[in-house]
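Peer 1: One structure is given below, represented as structure tokens, and several questions about it will come after.
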Amino acid sequence: MADAAALLATVGSEEFEFAAERPIAHDLPMGMILDMPGEQYVLDWALPQVAFHQMIAYALLRQAGVPLGKVDYVPHMFAYLSPGTAPAD
């Protein structure tokens with residue numbers, strides 16, 4: 001994690017200018033190449049990949065008996081919980 005933070009600290013804000021429009025050629029292992037702008041790459045490729053792998057990890061952990069539920073995905077939402085409405089344990 002420290003390596004990732006150090007790498008990101010070397011990236012200047014100017015490198016993100018026009019990133020949404022910047023063309024990306026994403027090579028797939030089977031020889032296909034996807035050509036798309038940066039914004040479409042994030043929306044149509046990167047985010048679905050993260051969601052898929054998160055879901056698979058969740059399913060494997062649940063199968064192994066780890067007590068996970070939906071609340072483990074959205075703990076940040078408790079900041080918006082109306083007082084007195086939390087379920088009793």
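Peer 1: Calculate the dipole size of the stretch 11-89 relative to its Cα centre from +1 charges on Lys and Arg beta carbons and -1 charges on Asp and Glu beta carbons; express the result in debye to the nearest 20.
Peer 2: Roughly 560 debye, rounded to the nearest 20.
Peer 1: Choose one of 42, 81, 29: the residue whose Cα lies farthest towards the positive end of the charge dipole of the chain (beta-carbon charges +1 Lys, Arg; -1 Asp, Glu; about the Cα centre).
Peer 2: 81
Peer 1: Now for a different question. Using a cut-off of under 15 Å, list every residue of the stretch 18-36 whose amide N is near the label point 7 Å from the Cα of residue 60 along the Cα-to-beta-carbon line.
Peer 2: Answer for this model: none.
Peer 1: Between residue 6 and residue 80, how many nm apart are label points set 7 Å from Cα along the C-beta direction?
Peer 2: Those two pseudo-labels are separated by 3.9 nm.
Peer 1: Give the residue list of GluC sites (Glu not before Pro) in the stretch 2-42 that are DSSP loop and have at most 10 other beta-carbon atoms within 10 angstrom.
Peer 2: 17, 21
Peer 1: Within the stretch 1-44, report the chymotrypsin sites (Phe, Trp or Tyr not before Pro) that DSSP leaves as loop and that have at most 14 other Cβ atoms within 10 Å.
Peer 2: Loop-located and lightly packed - 18.
Peer 1: Per 5 Å bin, what is the whole-percent P(r) computed from every C-alpha pair distance within the stretch 23-81?
Peer 2: With 5 Å bins starting at 0, P(r) equals 4, 15, 15, 16, 14, 12, 11, 10, 3, 1.
Each reported figure results from applying straightforward, stated rules to the coordinates on display, with no laboratory input. Predicted model only: the values in this text are computed from it and were never measured. All Cβ positions, even for glycine, are placed from backbone atoms using ideal geometry, and neighbour counts span all protein chains on display.
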